[in-house]
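Q: One structure, as structure tokens, below. Some questions next.
The values are calculated or read from the model by the stated rules, or taken from the named source; none is laboratory data. Since we're looking at a predicted model, the values are computed, not measured. Here the Cβ is made from the backbone with ideal geometry for all residues, glycine too, and neighbour counts use every protein chain on show. Ligands, DNA and RNA are excluded from the accessible area calculation, which covers all protein heavy atoms including side chains. Shrake-Rupley method; radii C 1.70, N 1.55, O 1.52, S 1.80 Å.
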Amino acid sequence: MEANMDLLHDAGIRATHWLQESFQGSQEWFLFISFAADLRNAFFVLFPIWFHCSEAVGVRLIWVAVIGDWLNLIFKWILFGERPYWWVHETDYYRNMSAPAIQQFPLTCETGPGSPSGHAMGAAGVYYVMVTALLSAATGKKQSKTLKYWMCLPAPHRVLWMVLWTGFWAVQVCVCLSRVFIAAHFPHQVIVGVISGMAVAKSFQHIHFIYSASLRRYLGITFFLFSFALGFYLLLRVVNVDLLWTLEKARKWCAHPEWVHIDTTPFASLIRNLGILFGMGLALNSHMYLESCRGKQGQQLPFRLGCIVTSLLVLHLFDAFKPPSHMQLLFYLLSFCKSAAVPLATVGLIPYCISQLLTTQDKKAA
């Protein structure tokens, strides 16, 4: 089994080496793709746009991103996946030969286990939600990828179907190549990530309670996700299995210590997801949301556009705030609050303020 994995890892190292040699001038593009595919952009950019265009899609996007990233954490802890940038230095596979030279980049030194790829899984899940939502809106039907379904579509819808799914796969290929290029993942890890992300997104097409979940249910699920992850970690610690074994490898083999960031650690992603889900539950069950998005103005185009533009500007300011990393407990606390503020602002506070502003203007005009 170990020999087979060594062969698989060697093939991945050689793929990374070939990409870095063949596309050396494209490193800025690959780094941009890795940055753009980060789930943070799904929360800070895509979510405000989709929520104020279609609330159901925005809610589904959040659930797919959060649950998908949580499952990614659990899978990583179970699979113990290596990462190319440290495996190439630690393996005995190259003891009788020279190892391929692998470059590192500012986004290379992720600190969690490598399998499956979180970027690939997140991008596949989020973009699957968006593509199926666009096609459902255009055709008025539930989406299917069967040939029979495609043949039954009118010609314009067939073209749209092909364009959107071609775009979807183009994005996935770019994300996968980017993660392999920067030596953050092996090829098999990004492939597993794409398949897993699509599976999570597909599953949420059949889960309907998320559109009317109470605050109590949001709190219960948030508590369950935290308890399961923490319990799993502590249980394995009891039997001398350290699920944070990758932190030492990252610090040891990263070319530049400043490239190792606390926000790439497993618990940082867990806290971020818990904050997003907690904030979403508070926002959707708040008086501000009911007064604004569910009120008269909630269906008006100026209101929705105002919410989108203002949300993007405010969340950009939120994203610029970086919790101090030298104190872990404070970092996690502020990260949770920052994440919770994203849906609270997008769904509750900003729509409420815009609604009050438009109401005041209407009264003055009358």
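Q: Treating the beta-carbon of each Lys and Arg as +1 and of each Asp and Glu as -1, no other charges, what is the dipole magnitude of the chain about its Cα centre, to the nearest 20 debye?
A: Using only the charged Cβ atoms, the result is roughly 1380 debye.
Q: I would also like to ask the following. If one computes the Cα centroid of region 247-305 and of region 4-78, what distance in Å separates the two points?
A: The distance from the Cα centre of region 247-305 to that of region 4-78 comes to 16 Å.
Q: Given +1 on the Cβ of Lys and Arg, -1 on the Cβ of Asp and Glu, and no further charges, what dipole in debye does region 168-262 carry about its Cα centre, rounded to the nearest 20? Walk me through the numbers on the way to the answer.
A: Numbers: 8 positive and 3 negative charges, 34 e Å.
Roughly 160 debye, rounded to the nearest 20.
Q: At a 1.4 Å probe radius, which order do Glu248, Glu55 fall into by accessible area, largest first?
A: The most accessible residue leads, giving Glu248, Glu55.
Q: Please build a GNM for the chain, connecting alpha carbons under 10 Å apart, and tell me which residue among Gln189, Gln104, Gln205 fluctuates the most.
A: Result: Gln205 has the largest fluctuation of those listed.
Q: Compare Phe181, Phe318, Phe47 in a GNM of the chain, Cα atoms joined below 10 Å, and give the one with the largest fluctuation.
A: In the Gaussian network model the winner is Phe318.
Q: Follow-up question, since we're still on this one. Just reorder Asp6, Asp242, Asp92 by solvent-accessible area, largest first, 1.4 Å probe, all chains present.
A: Listed by decreasing accessible area, they come as Asp92, Asp242, Asp6.
Q: Same structure, new question: Roll a 1.4 Å probe over the protein heavy atoms and report the accessible area of Leu247 in Å², nearest 10.
A: Near enough 30 Å² of accessible area.
Q: Something else about it: Identify, among Tyr233, Asn273, Val126, the residue whose Cα sits farthest towards the positive end of the charge dipole of region 116-274, taking +1 on the Cβ of Lys and Arg and -1 on the Cβ of Asp and Glu, with the dipole about the Cα centre.
A: Val126
Q: Please work out the average accessible area per residue across region 4-52, using the 1.4 Å probe convention, and give it in Å².
A: 48
Q: If packing is taken as the average number of other Cβ atoms within 10 Å across a peptide's residues, how do 222-229, 209-216 rank, most packed first?
A: The most tightly packed comes first, giving 222-229, 209-216.
Q: What part of the accessible area of the chain, given as a whole %, is carbon or sulfur when the probe is 1.4 angstrom?
A: With neighbouring chains kept in place, the figure for the chain is 67 percent.
Q: Here is a follow-up. Exceeding 27 Å between C-alpha atoms, which entries from my cross-link table qualify? They are Lys76/Lys338; Lys76/Lys202; Lys202/Lys322.
A: Lys202/Lys322
Q: Please arrange His326, His206 by accessible surface area, largest first, computed with a 1.4 Å probe and ligands excluded.
A: Solvent-accessible surface, decreasing: His326, His206.
Q: Do any chymotrypsin sites (Phe, Trp or Tyr not before Pro) in region 1-62 lie in a loop, going by DSSP, with at most 15 other beta-carbon atoms within 10 Å of their beta carbon, and if so which?
A: Phe23
Q: Roughly how many Å² is the accessible area per residue of region 186-312, as a whole number, for a 1.4 Å probe?
A: 52
Q: List the trypsin sites (Lys or Arg not before Pro) in region 276-366 that DSSP assigns to loop (not H, G, I, E or B) and whose Cβ has at most 14 other Cβ atoms within 10 Å. Which are they? Kindly include the intermediate steps, with their values, before the conclusion.
A: Details: sites: Arg294, Lys296, Arg304, Lys338, Lys363, Lys364; in loops: Arg294.
Loop-located and lightly packed - Arg294.
Q: What does the charge dipole of region 11-126 about its Cα centre add up to, to the nearest 20 debye, if the Cβ of each Lys and Arg holds +1 and the Cβ of each Asp and Glu holds -1?
A: Using Cβ point charges on Lys, Arg, Asp and Glu, region 11-126 gives about 120 debye.
Q: I would also like to ask the following. Please name which of Gln24, Ser117, Thr91 has its Cα lying farthest along the dipole of region 1-117 towards the positive end, using unit charges on Cβ (Lys, Arg +1; Asp, Glu -1) and the Cα centre as origin.
A: Farthest towards the positive end: Ser117.
Q: While we're looking at this one, here's another question. Please compute the contact order of the chain in relative form: average sequence separation of alpha-carbon pairs under 8 Å and at least six residues apart, divided by the residue count, as a percent.
A: Computed value for the chain: 24 percent relative contact order.
Q: Moving on to the next point. Ignoring everything but the protein chains, give the 1.4 Å probe accessible area of Trp253 in square angstrom, nearest 10.
A: Here the residue's solvent-accessible area equals roughly 70 Å².
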